[in-house]
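The values are calculated or read from the model by the stated rules, or taken from the named source; none is laboratory data. Here the structure is a predicted model, which is why all the values come from computation and not from measurement. In this analysis, Cβ positions are derived from the backbone assuming ideal geometry, glycine residues included, and neighbour counts consider all displayed protein chains. Protein only, heavy atoms only, side chains kept; ligands, DNA and RNA dropped before computing areas. Shrake-Rupley method; radii C 1.70, N 1.55, O 1.52, S 1.80 Å.
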Amino acid sequence: MAREVPIEKLRNIGIVAHIDAGKTTTTERILYYTGKTYKIGEVHEGAATMDWMPQEKERGITITAATTACYWTRNGERYQINIIDTPGHVDFSVEVVRSMKVLDGIVFIFSAVEGVQPQSEANWRWADRFKVPRIAFINKMDRLGADFYRVFNEIEEKLTIKPVAIQIPLGAEEQFEGVIDLIEMKAIRWLEETLGAKYEVVDIPAEYQEKTQEWREKMIETIVETDDELMEKYLEGQEISVEELRKALRKATIERKLVPVLCGSAFKNKGVQPLLDAVIDYLPSPLDLPPVKGINPKTGEEEIRKPLDEEPFCAYAFKVMSDPYAGQLTYIRVFSGTLKASSYVYNATKDEKQRAGRLLLMHANSREEIQQVSAGEICAVVGLDAATGDTLCDEKHPIILEKLEFPDPVISMAIEPKTKKDQEKLSQVLNKFMKEDPTFKATTDPETGQILIHGMGELHLEIMVDRMKREYGIEVNVGKPQVAYKETIKKKAIGEGKFIKQTGGRGQYGHAIVEIEPLPRGKGFEFIDDIHGGVIPKEFIPSVEKGIKEAMQNGILAGYPVVDVRVRLFDGSYHEVDSSDIAFQVAGALAFKDAAKKAEPVLLEPIMEVEVETPEEYVGDVIGDLNSRRGKIMGMENKGNITVIKAHVPLAEMFGYATTLRSLTQGRGTFIMRFSHYDEVPQQIAEKIIGERMAGKSS
Ligand code: GDP
């Protein structure tokens, strides 16, 4: 079966921006100009096409990674662009990471007024990590204070990869009319500001000649630096053609040596068509990128898959969603081979054969059933029982693509259905959510029987609770958000555990002696079997380890999980008849607890990296407030009259910060926050937390 669009004419892209920079608006305009959406919903009306989960409309942020296919004609050839929707809010950075794995290029949107904001920097770093080529679009050129050149310099100073302007703006602020194309040396002027407005391609106006020459020269120098042949030509004073420039720039963009920079105003419908041209001209097709790597689960050897239909099938499930009509939808990106509708695939991650039902190509406002999906393409599969991050492949050629590591949740909250009859439905829904989102967890408190949900931030959990209500009609009462504390130890200690019962019937006998010592932060748990001469028989050593691991679930200070500990089992004893698995588990647990008490146990708390942007006049108040929250100021930076404050602040002190910041800055300050690391809780505060926790337990 032939492909609809050949692979070299395919672009899998993401659009990434700081909140409010215009990602939704730009995406909307792209969908309009590519002819798939005929009615545009402005963001403030809550009707944007991509943001179709109800609470996203209310909050005006994007939290799901749906994908939308659209088509663009360039030089008479038809191209397919798959837009993978990446979320803007940092609580969901895991969604960003997930989409990075399946997209081939990114359009980074910056605001011509606010410039390079913290969120963009963070996402830029992710793009570096996943080696994604990108182009930059400086949006909002029509706004008061818009300055293309300032933002260009900021990109150059703050971000990796050298930017190269291939356009400069024609006017700015209210007078923003269009762009000057530095490659073709012409001006594009939009005649109106309405959707689908006509534009004219004209000669560069006289008053722009000088500036255009200056920036064209700069552009050419930057491009030829990446290409020896062109450099020679340039030095010899020869003219470099449009095709040569484009070809070299395409190569340099794909190799991540350069980032082409464009500008416009999505809102006023200016600059979107040239942006689409640039996506085609400079961002890679799946063929332009190195083959993917994975591990053969049978042999443990590394394998690669080229983006060819002849290769064995292999795809990555990057998003799982429940759909009211189709049931579970699994979004997959095919890296090699092909998959037909209604066929079996091998889920290598789960080691089971699964059935793929219908295959859907998702457009902005319709879904199209397709019979086959091929290398490089993206589609949604109906009826597959996969989870996010699973690799699907040909059973005869098993492969597991690199697994993503997701951070542990740092916050939790008790929930309880408002009506008893929702209890069962709730647990099904929670299971669904866990499958969709690896940073979301639900557990039951063994002591109280309460249901706890765990996530990456307050907003994350709020949205989950909101979804329970909206999508499944389950209303829940929620408790106060709780910080996920942990425990660890500060020094080496030895502990002994004996479990002996020898009265009546069959006895029990387990005896273990361990040494524990601190590991560096984030190292988790290490177990060393240092038993010699069979003082504990081999078969009981895993029992001791199991007992220790269990004891570590509930630390001795306040019952929080214990982390970053190495345990060396080096002595013990056994009984010919009475020793058993259980007896050694108990002995292990007792030995661990005994040692932990002597090893100076301490409480750890999640520390967040917080970046606040505020107008200068509020800096003093903002810093004072951060200090009162036990924050450590890590750095400060001025951007015009805006100051960016970076700080490390314990999560426990950040509840309700959005409200405080709003009142401190008259609503003008913004902040983002992400998990950074765990750190020791100061003694006095630790005592209070432990006291409260213990009181809670005994009540
Ligand atoms: P997102 O959060 O990045 O998705 O940003 P949105 O697309 O939701 O845009 C945020 C706000 O900025 C909305 O009110 C838009 O109407 C507005 N906006 C987006 N692009 C432009 C632009 O080019 N010019 C102006 N003046 N406003 C814009």
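Observations on the model:
- Checked against a 19 Å cut-off, the cross-linked pairs K501/K598; K490/K597; K432/K469; K158/K646; K158/K186 give Cα-Cα distances beyond that limit for K501/K598; K158/K186.
- Cα-based helix-to-principal-axis angle, 458-472 vs the chain, degrees rounded to 10: 90
- Restricting segment 651-699 to trypsin sites (Lys or Arg not before Pro) that sit in a DSSP loop and have at most 16 other Cβ atoms within 10 Å of their own Cβ leaves R668.
- Shape analysis of segment 98-165 based on the Cα gyration tensor places the equivalent ellipsoid semi-axes at 22, 12, 10 Å, largest first.
- Distance between the C-alpha centres of segment 401-472 and segment 552-593: 31 Å, rounded to the whole angstrom.
- Size descriptor for the chain, Kirkwood hydrodynamic radius: 28.3 Å (Cα pairs only, one decimal).
- All other residues whose Cβ lies under 10 angstrom from that of M634 are scored, Lys and Arg at +1 and Asp and Glu at -1, for a net of 0.
- Simple label model, 7 Å out from Cα along Cβ direction - L191 to R693, nm: 7.0
- Unpaired Cys in the chain, meaning no second Cys C-beta under 4.7 Å: C70, C263, C379.
- Sorting H397, H454, H532 by accessible area puts them as H532, H397, H454; the probe is 1.4 Å, largest comes first, and only protein heavy atoms count.
- Anchor K293: lysines whose Cα lies under 18 Å away (excluding residues fewer than 8 positions away in-chain): K101, K131, K306, K396, K403
- Whole-percent P(r), segment 330-458, all Cα pairs, 5 Å bins from 0: 2, 9, 15, 18, 14, 13, 12, 10, 5, 2, 0.
- Over 27 Å between alpha carbons, listed pairs K268/K319; K298/K486; K9/K298; K211/K270: K268/K319; K298/K486; K9/K298
- Of all accessible heavy-atom area on the chain, the percent that carbon and sulfur account for (1.4 Å): 49
- Residue list for segment 509-523, given a label point 7 angstrom along the Cα-to-Cβ vector of E576 and an amide N cut-off under 14 Å: none
- Residue-count net charge about S111 - beta-carbon cut-off 9 Å; Lys, Arg +1, Asp, Glu -1: 0
- Anchor K538: aspartates and glutamates whose Cα lies under 12 Å away (excluding residues fewer than 8 positions away in-chain): D529, D530, D581
- Counting only protein heavy atoms and using a 1.4 Å probe, the accessible area of R78 comes to about 110 Å².
- Extension gain, E157 to N296: 0.36 nm times the residue separation minus the Cα-Cα distance gives 45.8 nm.
- Quotient of C-alpha Rg and 2.2 N^0.38 Å, computed over segment 7-288: 0.95
- Taking all pairs of distinct alpha-carbon atoms in segment 292-401, Kirkwood radius in angstrom: 13.7
- Helix 683-698 axis, angle to the chain major axis (alpha carbon atoms, nearest 10°): 70
- Residues T330, T419 ordered from highest to lowest accessible area at a 1.4 Å probe: T419, T330.
- ³J(HN,Hα) computed for each position of segment 4-11 - Karplus, 6.51 cos²θ - 1.76 cosθ + 1.60, integer Hz, glycine/proline x: 6, 10, x, 4, 6, 9, 10, 10
- With Cα atoms, 0 to 90° folded angle of helix 23-33 axis to the chain main axis: 50
- Computed accessible area, Y32, all protein chains, 1.4 angstrom probe, square angstrom: 60
- Per-residue SASA entry for E611, accessible area with 1.4 Å probe, Å² rounded to 10: 10
- The alpha carbon centroids of segment 512-527 and segment 95-174 are separated by 44 Å.
- Cα gyration tensor category, rounded, prolate or oblate, for segment 620-664 with a/c compared to 1.5: oblate
- At 0.890 mPa s and 25 °C, Stokes diffusion of segment 411-483 via Kirkwood alpha-carbon radius, µm² per second: 203
- Chain lengthening between K598 and I494 when straightened (0.36 nm per residue, less Cα-Cα): 36.7 nm
- Candidate residues D529, D203: accessible-area rank, largest first, probe 1.4 Å: D203, D529
- Scaled against the 2.2 N^0.38 Å expected of a compact globular protein of N residues, the Cα radius of gyration of segment 604-685 reads 1.06.
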